[in-house]
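Participant: Take a look at this one; I'll ask things after.
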Amino acid sequence: MLPLDPQADVGRRAWVRCPNCADSHGCASCEQRRSCSDHWRYLLSTTGSLLHLQCPSCTHVWVHETGFGATRSFWERVRGGRS
């Protein structure tokens, strides 16, 4: 299990499902895609339409593509932004 990232701040949160654990499974608010006071993620940083997140339950770190904004082309999103 990873420690919390030094950039983790409870004041910067996002509501995205964690791809590693199912901590929000069965939560009525999360199932309806509403903000939940229990199942949020640390928003570590953003790069254009990419969110860098960490789950406080399992401490998994990942990148989530929101698809919002015009900072990355369609093909960059399809390739995952890798060169």
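Participant: Want the number for residue 22 to residue 38: 0.36 nm per residue separation, take away the alpha-carbon distance, what's left? Don't skip to the answer; put the middle values down first.
Facilitator: On the way: separation 16, 0.36 × 16 = 5.76 nm, distance 1.27 nm.
That pair, residue 22 and residue 38, stretches by 4.5 nm at full extension.
Participant: Would you mind getting the accessible area per residue of the stretch 13-65, heavy atoms of the protein chains only, 1.4 Å probe, in Å²?
Facilitator: Details: 3020 Å² over 53 residues.
On a per-residue basis, 57 Å².
Participant: Hey, how much of the P(r) for the stretch 13-65 falls beyond 12 Å, as a percent of Cα pairs? All intermediate terms of the calculation are to be shown ahead of the outcome.
Facilitator: On the way: 817 of 1378 pairs.
It works out to 59 percent of all Cα pairs.
Participant: Count the net charge of all other residues whose Cβ sits under 11 Å from the Cβ of residue 54, scoring Lys and Arg as +1 and Asp and Glu as -1.
Facilitator: Details: positive: 12, 13, 41; negative: 5, 9.
After counting each charged neighbour, the total is +1.
The values are calculated or read from the model by the stated rules, or taken from the named source; none is laboratory data. This one's a predicted model, so the numbers in the text were calculated from it and none came from an experiment. So basically every Cβ, Gly included, is an ideal-geometry build from the backbone, and we count neighbours across all protein chains shown. With ligands, DNA and RNA removed, areas are computed over all heavy atoms of the protein, side chains included. Shrake-Rupley method; radii C 1.70, N 1.55, O 1.52, S 1.80 Å.
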